[in-house]
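A.B. asks: Take this structure, written in structure tokens, and hold onto it; I'll ask about it next.
The values are calculated or read from the model by the stated rules, or taken from the named source; none is laboratory data. If you're wondering where the values come from, they're calculated on a predicted model, not measured in any experiment. Here the Cβ is made from the backbone with ideal geometry for all residues, glycine too, and neighbour counts use every protein chain on show. Side chains are part of the model used for accessible areas, which takes the heavy atoms of the whole protein and leaves out ligands, DNA and RNA. Shrake-Rupley method; radii C 1.70, N 1.55, O 1.52, S 1.80 Å.
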Amino acid sequence: MSGYWAGILAILSINVIFAYSIYVTAAAGQLNLGGAGFQAIGAYGTAYATTTLGLPLWAGFAIAITLTAFVSFLIAFPVLRTRGVYMVLATYAFAQVVSGIALYTPALGGAMGKVVTEYVPVWPLIFSAIGVTFLVFYLMASRFGLAMRALHDDELVSTIMGVNARAVQVACFTIGGAIAGLSGALYAHHFAFVEAQYFSPLLSIFVLLFVLIGGTQTAWGPLIGSVFFTLVPEFLRLGGSSWRYVIFGAVIVAMMILRPEGIVTRTLVAKLSPSRWFAKKPVAQEASLER
Amino acid sequence: MSAEAILSLRGVSKAFGGLKVIDDVSFDIPKGERFGLIGPNGAGKTTVFNLISGVYPIDAGQVVLEGNDISTLPSRKRIRNGLSRSFQNIRLMPHLSVAENVMLGQHSQALGLLDLMTPVGWLPRQRFRREADAALARAGLDIDPGEVVSNLPYGIRKKIEVVRALMSKPRVLMLDEPAAGLNPRETADLAAFLKTVSDQGVTLLVVEHDMSFVKNLCERVVVLNFGSKIFEGTLAGAQADPAVREAYLGTRRVA
Amino acid sequence: MTALVAALKPGARFAPLLWVIIALAIAAVAVAIGGRIIAQQIVSGLMLGGIYVAVAVAFTLTIGVLNFLNFTIPTLFMLTGMVAWGLTAFGLPFGLTGRWNWFPALVAGIAVTVLASLIVERFTFRYFKAKHGDATEHAIPLVSSIGFLLVFEHLVLIVLGSETQRFPTPLRADINIAGVVIAIPQLASLALSLGVVFLLSYILKTTKTGRALRAIAESPDTATILGVDVNRIVPIVFLLTGLLCGLAGALFAINYSDVNAFMGEHVGTKAIAAMVLGGLGSIWGAIAGGLIVGLTEVLAIHFFGGEAVQIVVWSLLLFVIILRPQGLFGASKIGKGKL
């Protein structure tokens, strides 16, 4: 594998994992615009554990994942009191606090960044991405995932059906946090360097875009979204000019007009599902009153 | 308070922003009865449903289910006590398939960690899925359970909502205008289906504007007007009652 | 005095004004202790706050009426300054040496910004139709606006480059009050910025269009039933957004002389902070919030340095969003920042 493709696959793997961390909350109807903050906790957690404390690599990952999950769990209770635009802003503010702390703490390298000694090559990244993808697909197929998707569509009715909305959302935040922590740890160890400036609001915006452009209705969404977002700018780069971001922005706008629910919708998955090819014919659309 | 009442409202009141929408409403529904809640538009029928199912807290009074005061019970716990409902405008989850919507109705029956972790989406012959398919068949819905519900016609979606409400094995089933928008054949089918449900011992509480449907199905009715109970008894009695006639006058004649 | 007592009641109409008075009182105390240097800082803080006010009002208006966090706002702010600089650099509209060159250039910059804002409206709201309502649906225009952010920012980078440029400012006059230097353009800017916002608030209260905007903020469906043509009114929000951002961008260019393709990011972030402090959808809150953020920023950097400010400001904002989502002042609002 050439260095160029190894680099792209590494970024793609981290993006896929990162996108799934945000997806797990979005699938239950909660928008998180603070992804970079959660990823930063994982990255700095392992950087501090392995490089400063000299702990082994596995301990670094364990610390990164549990620390991020724990912080997510704690922040979930206040943040989930908020709704819609307020939640978007609350998570955004949280990420700003995290990057501010990273900038201000000398032990975390401050504005100079921090070198991470243990290196993780590209293969473990790819396997982690496959593993996380499988995990999220399983989660969405479970009864718990059914409750998440129901909350995404209609929180009131889900609650009346007996779904404990708050518990499901806190669990989603915690699971999402753990996955974000993993993506941060992989980033830190693959690039062997962390700096606060990387975990910017723009990163949070982009990872939320992976999820929303991909589609929040099925677990395919973030996978397709992050592949789209990682590869399209690369292909545009082959054209060789800074026009690529202009084209890319225009593509985003067009996507929202043409497919506002994301590239992959539930209906699309149902249409493409092999088990459906042999299923009963759908009932004829009879003339009936709409609402 | 009759001893066999399964659901009782005792002096229930509710105001929104100073406007009293439900004023001191009381009634008892005997176990196993098919009970109708009727009244002109804006009488507060759907609000009564929302108060019973816990969408809003009540301001005064009590909601009693099988002898237990559930007035302060969170809405998600009421379904576990045997109280299930449908909605006036179809409130199926638009991005879920038929089977998934119906399985959501089982949620209150599947709260163990093992149940929650069961990948129902991957196991088409798993117990939950079999129960859902069987319930759809019992309701006479011959449709592909994998179809996304938003692609289905109105009458079918309306019926799926009733099936979903039945999946929690309710003892009291509340239906908010189940026949609205159905053609006469579908309405008759629905009434027949609800009678078989009732025969299995499920108490029915139905809000409905279609009086022939109410006449066909309900044994007793309560009439609401401007948030107050103005009549309780048989539908024939309601149609003869002067207060009820006055309430409907100008809006709709009692059929 | 009675008015002051009335204003102290929670939810009172004049609460934001009261906060401004309290802030000024604290500032007066600070000056009494810290002297001329602090006074100078407070003056610069208020001037900076004036810029934030205009941008924060643009944010708060869009959220209040349309429930839409418009990410193009920082770019629109930047567009004015960069377009105006680009015009003067290429000797437009009146040749390189004109003494009043900057003025038509800024007007042209504002015009381009308004046009850009209307283009955003066309592609975010005009064609936007969700099939089924769900919890993430309100993010659709937000995502489109991020697309536009990329388009505008990179178009500017391609055409005008990424370097920081000096905007020619001909008006340099200071007044000196007890050793505190106040630049006249800055003072004029603050007055202009606040004046426009006051005017906007007046328009919203009294005119037919203003009432239509507030009706849409309450409920688009009800507004439609009441005969408000939503498709005709929505562009007005974007027109006002463009004007406010254009004005703020022009004032920034005059006062700080430096323009670059990234100047919107800093101001946009601070304006969001100001809006949150004031409560989403509250114009008076945005004014108070903008001035307070400007003051706090300048003073905190003076005393503690830049990084600490980020932690303190954003932790505070996180608490405000969670504990007082209506904002610090509880002022009356257009819309409720729904959901």
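A.B. asks: Between B:LEU37, B:LEU83, B:LEU51, which is crowded, with 20+ Cβ neighbours inside 10 Å, within 14 Å of chain A (Cβ to nearest Cβ), of a type in the set (A, V, I, L, M, F, W, C) and over 19 Å from B:LYS169 (Cα atoms)?
C.D. replies: B:LEU51 is the lone residue from the list that is crowded, with 20+ Cβ neighbours inside 10 Å, within 14 Å of chain A (Cβ to nearest Cβ), of a type in the set (A, V, I, L, M, F, W, C) and over 19 Å from B:LYS169 (Cα atoms).
A.B. asks: Scanning region A:206-245 for residues that are modelled with pLDDT under 90 and touching a Leu at 6+ places or on another chain (Cβ under 7 Å), which turns out farthest from A:ALA26 (Cα to Cα)?
C.D. replies: A:SER242
A.B. asks: May I ask you to verify whether B:SER8 is part of a strand (DSSP E or B) and either farther than 28 Å from B:ILE90 by Cβ or among the polar types (S, T, N, Q) (or both)?
C.D. replies: yes
A.B. asks: Within region B:201-217, can you find the residues that are hydrophobic (A, V, I, L, M, F, W, C) and crowded, with 22+ Cβ neighbours inside 10 Å?
C.D. replies: B:LEU204, B:LEU205, B:VAL206, B:VAL207, B:PHE213, B:VAL214, B:LEU217
A.B. asks: Keeping to region A:93-117, report how many residues are under 24 Å from the mean Cα position of the chain (by Cα) and facing chain C (nearest Cβ under 8 Å).
C.D. replies: The total comes to 8.
A.B. asks: Something else about it: Among residues belonging to region B:17-31 that are in a strand (DSSP E or B) and open to solvent by 80 Å² or more (accessible area, probe 1.4 Å), point out the one that is nearest to B:GLY44 (Cα to Cα).
C.D. replies: Among those residues, the one meeting the criterion is B:LYS20.
Residue-by-condition table, conditions (1) among the aromatic types (Phe, Trp, Tyr); (2) out of contact with any Lys or Arg (no Cβ under 9 Å at 6 or more places or on another chain):
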{"site": "C:LEU226", "(1), (2)": "no, yes"}
{"site": "C:LEU244", "(1), (2)": "no, yes"}
{"site": "C:ASN255", "(1), (2)": "no, yes"}
{"site": "C:TRP284", "(1), (2)": "yes, no"}
{"site": "C:GLY290", "(1), (2)": "no, no"}
{"site": "C:ALA300", "(1), (2)": "no, yes"}
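A.B. asks: So which helices (runs of 4 or more DSSP H) stay within region B:120-234 end to end and still have 2 or more residues that are within 18 Å of the chain's Cα centre (by Cα), over 22 Å from A:ALA141 (Cβ atoms) and at pLDDT 90 or above?
C.D. replies: In region B:120-234, the matching helices (runs of 4 or more DSSP H) lie at B:154-166, B:184-199, B:211-217.
A.B. asks: Yes or no: region B:100-108 includes at least one residue that is under 14 Å from B:VAL163 (Cβ atoms) and more than 10 Å from chain A (Cβ to nearest Cβ).
C.D. replies: The answer is yes; a qualifying residue exists.
A.B. asks: In region C:193-250, which residues are of a type outside the set (Asp, Glu) and outside any helix (DSSP H, G or I)?
C.D. replies: Of everything in region C:193-250, those that are of a type outside the set (Asp, Glu) and outside any helix (DSSP H, G or I) turn out to be C:THR207, C:SER219, C:LEU226, C:GLY227, C:VAL228.
A.B. asks: In region C:253-279, how many residues are within 30 Å of C:VAL83 (Cα to Cα) and within 13 Å of chain A (Cβ to nearest Cβ)? Walk me through how you get there before you give the answer.
C.D. replies: If we filter region C:253-279 for residues that are within 30 Å of C:VAL83 (Cα to Cα), which is where we start, we get C:253-276.
Then drop every residue that is not within 13 Å of chain A (Cβ to nearest Cβ), which leaves C:261-262, C:264-266, C:268-276.
So the answer is 14.
A.B. asks: Which of the residues spanning region A:180-200 are surrounded by fewer than 24 Cβ atoms within 10 Å (Cβ to Cβ) and either under 14 Å from the mean Cα position of the chain (by Cα) or farther than 30 Å from C:ILE272 by Cα (or both)?
C.D. replies: Correct list: A:HIS190, A:PHE191, A:ALA192, A:PHE193.
A.B. asks: Right, here's the next one. Just checking, how many residues over region C:257-285 are in a helix (DSSP H, G or I), open to solvent by less than 10 Å² (accessible area, probe 1.4 Å) and not hydrophobic (A, V, I, L, M, F, W, C)?
C.D. replies: 4
A.B. asks: Picking from B:LEU249, B:LEU217, B:LEU235, which residue would you name as being in the same structural domain as B:ASP28 (by TED's automatic domain parsing), out of contact with any Lys or Arg (no Cβ under 6 Å at 6 or more places or on another chain) and not hydroxyl-bearing (Ser, Thr, Tyr)?
C.D. replies: Result: B:LEU249 is the single residue among B:LEU249, B:LEU217, B:LEU235 that is in the same structural domain as B:ASP28 (by TED's automatic domain parsing), out of contact with any Lys or Arg (no Cβ under 6 Å at 6 or more places or on another chain) and not hydroxyl-bearing (Ser, Thr, Tyr).
A.B. asks: Among the numbered criteria (1) closer than 29 Å to B:GLU186 by Cβ; (2) at the interface with chain A (Cβ under 7 Å from one of its Cβ atoms), which single criterion is violated by B:ASP115?
C.D. replies: Going through (1) closer than 29 Å to B:GLU186 by Cβ; (2) at the interface with chain A (Cβ under 7 Å from one of its Cβ atoms) one by one, B:ASP115 breaks only (1).
A.B. asks: Within region B:118-147, which residues are open to solvent by less than 30 Å² (accessible area, probe 1.4 Å), within 11 Å of another protein chain (Cβ to nearest Cβ) and over 25 Å from B:ARG76 (Cα atoms)?
C.D. replies: B:LEU141, B:ILE143, B:ASP144, B:PRO145, B:GLY146, B:GLU147
A.B. asks: On to the next question. Every residue in region C:221-246 that is free of Cβ contacts under 8 Å to residues at least 40 places away in the same chain and open to solvent by 60 Å² or more (accessible area, probe 1.4 Å), please. Steps first, answer last, please.
C.D. replies: Taking region C:221-246 as the starting set, the residues that turn out to be free of Cβ contacts under 8 Å to residues at least 40 places away in the same chain are C:221-230, C:232-233, C:236.
Those that are free of Cβ contacts under 8 Å to residues at least 40 places away in the same chain and open to solvent by 60 Å² or more (accessible area, probe 1.4 Å): C:ASP221, C:THR222, C:THR224, C:ILE225, C:LEU226, C:GLY227, C:ASP229, C:ARG232.
A.B. asks: Which residue out of B:VAL48, B:VAL64 is assigned to a helix (DSSP H, G or I) and at pLDDT 90 or above?
C.D. replies: B:VAL48
A.B. asks: Checking A:THR117 against (1) crowded, with 22+ Cβ neighbours inside 10 Å; (2) touching a Ser or Thr at 6+ places or on another chain (Cβ under 7 Å), which single condition isn't satisfied?
C.D. replies: Only one criterion in (1) crowded, with 22+ Cβ neighbours inside 10 Å; (2) touching a Ser or Thr at 6+ places or on another chain (Cβ under 7 Å) is unmet by A:THR117, namely (1).
A.B. asks: Let me ask something additional. Quick one: how many residues across region A:197-248 are more than 11 Å from chain C (Cβ to nearest Cβ) and not in a helix (DSSP H, G or I)?
C.D. replies: Total satisfying the criteria: 4.
A.B. asks: Kindly indicate whether A:VAL120 is closer than 19 Å to A:ILE17 by Cα, away from chain B (no Cβ under 13 Å), within 24 Å of the chain's Cα centre (by Cα) and modelled with pLDDT under 90.
C.D. replies: Yes: the conditions hold for A:VAL120.
A.B. asks: A follow-up question, please. Pick from region A:83-92 the residues that are at the interface with chain C (Cβ under 7 Å from one of its Cβ atoms) and open to solvent by less than 10 Å² (accessible area, probe 1.4 Å): which of them is nearest to C:ASN67 (Cα to Cα)?
C.D. replies: The residue in question is A:VAL85.
For (1) within 12 Å of chain C (Cβ to nearest Cβ); (2) open to solvent by 20 Å² or more (accessible area, probe 1.4 Å), each residue gets a yes or a no:
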site	(1), (2)
A:ALA19	no, no
A:ALA27	yes, no
A:GLY35	no, no
A:ALA47	no, no
A:GLY54	no, yes
A:ALA62	no, yes
A:PHE73	no, yes
A:VAL79	yes, no
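A.B. asks: Inspect all residues belonging to region C:99-117 and state whether any of them is modelled with pLDDT under 70 and either away from every other protein chain (no Cβ under 14 Å) or open to solvent by 20 Å² or more (accessible area, probe 1.4 Å) (or both). Talk me through it step by step, then tell me what you get.
C.D. replies: Residues of region C:99-117 modelled with pLDDT under 70: C:99-100.
From what's left, either away from every other protein chain (no Cβ under 14 Å) or open to solvent by 20 Å² or more (accessible area, probe 1.4 Å) (or both): C:99-100.
Yes - at least one qualifying residue is present in region C:99-117.
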